[in-house]
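Let me begin by presenting the structure, written as structure tokens, before commenting on it.
All of the numbers you see were taken from the coordinates with simple rules; none came from a lab. Note that the structure is predicted; figures quoted are calculated from it, not measured. Here Cβ is always computed from backbone atoms with ideal geometry, including for glycine, and neighbour counts include all displayed protein chains.
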Amino acid sequence: MPAVSSMAGASGYGRAQKVAAAPSGTGGSLYFNGTAAANLSIANDVDLRFGTGDFTVEWFQYMISGNANPRIFSIGTYASASIACSIESNDAYLYAWISGANAMTTSFSSNLNKWVHVAFCRSGTSFRCFVDGVQVGSTLTNSTNFSDTTNALRIGNETSTTVGSAYKGYLTNFRWTKGTARYTANFTKPTAQLTADANTRLLLLAASSGAATTDSSSSAKTVINNGATWNSLTPF
């Protein structure tokens, strides 16, 4: 296992962080240090509103135990978030939030301190969650109209940031797809950087320090970086 970079080790938590990087080292990731000040923000616009259609939100994460209820992403703030993902109960469970309610709970404690791929997908009225290509929890019937016109998309916290909701760890290849359910059954998790197509509305590859928050989709969103730092660690 390679040594931790000085950027990660300087997070201020008084202990080295256990991180595994793939041999190829393609691209990189963003490190969130578990404080309310470390997050990304993307302004609300129509591309982020799924309406009643199909969608996929997916990403790779290497989560380090930190705060009680970290948000991987959220549009809105508990208890009224339009859509969000959190890791709850001291890292034990993954929650999928829809319209302010916990729509799905699944065990997550075995997925700390390693790279995992997570995906939320809706196909028709079937909502599913996958971890490393395996569906977790049951298929939900869901026809929510995701139409929040106010709140920004926050990555690494809620829209209104708090310490308890701050994510600690690494994120990369965050892809927001409107109009396509990319996964409707178990699949082999991606082994290379994700790519953009016509329905990709946001794609954050963290490919290099100079492009840490560049949106690689055709939407070319402006991403406001509030204290996340680029790192060469990658799942690929």
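Some notes on this structure:
- Working from label points 7 Å from Cα in the Cα-to-Cβ sense, the residue 191 to residue 105 distance is 3.7 nm.
- Summed side-chain charge close to residue 182 - residues other than residue 182 whose Cβ falls under 14 Å, Lys, Arg +1, Asp, Glu -1: +3
- In sequence order, the stretch 113-119 has phi-based couplings of 6, 7, 6, 9, 9, 10, 9 Hz under the Karplus curve 6.51 cos²θ - 1.76 cosθ + 1.60, θ = phi - 60°, and Gly or Pro positions carry x.
- In range of the label at residue 220: residues from the stretch 137-163 whose backbone nitrogen is under 15 Å from the point 7 Å along Cα→Cβ: none
- Gain on full stretching of the segment that runs from residue 65 to residue 232 - 0.36 nm per residue minus C-alpha separation: 58.1 nm
- Taking other C-beta atoms within 10 Å as the exposure proxy, 83, 224 rank 224, 83 from fewest upward.
- Compared with the alpha-carbon gap, the fully stretched path from residue 209 to residue 145 is longer by 19.4 nm at 0.36 nm per residue.
- Cα centroid separation, the stretch 121-159 to the stretch 173-207: 14 Å.
- Cβ-based exposure ranking for 57, 116, in which fewest neighbours within 10 Å come first: 116, 57
- The Cα atoms of the chain define a convex hull whose projected area, averaged across directions, is 11.2 nm².
- Highest average packing first - 121-128, 88-95, 190-197, 30-37, Cβ atoms within 10 Å: 30-37, 121-128, 88-95, 190-197
- Of all the options 55, 108, 73, the one that moves most in a Gaussian network model of the chain with Cα springs shorter than 10 angstrom is 108.
- Check: the chain dipole with +1 on Lys, Arg Cβ and -1 on Asp, Glu Cβ, in debye: 240
- Whole-number Å³ per residue for the convex hull built on Cα positions in the stretch 105-236: 138
- Computed over the stretch 22-113, the percent of Cα pairs more than 21 Å apart is 39.
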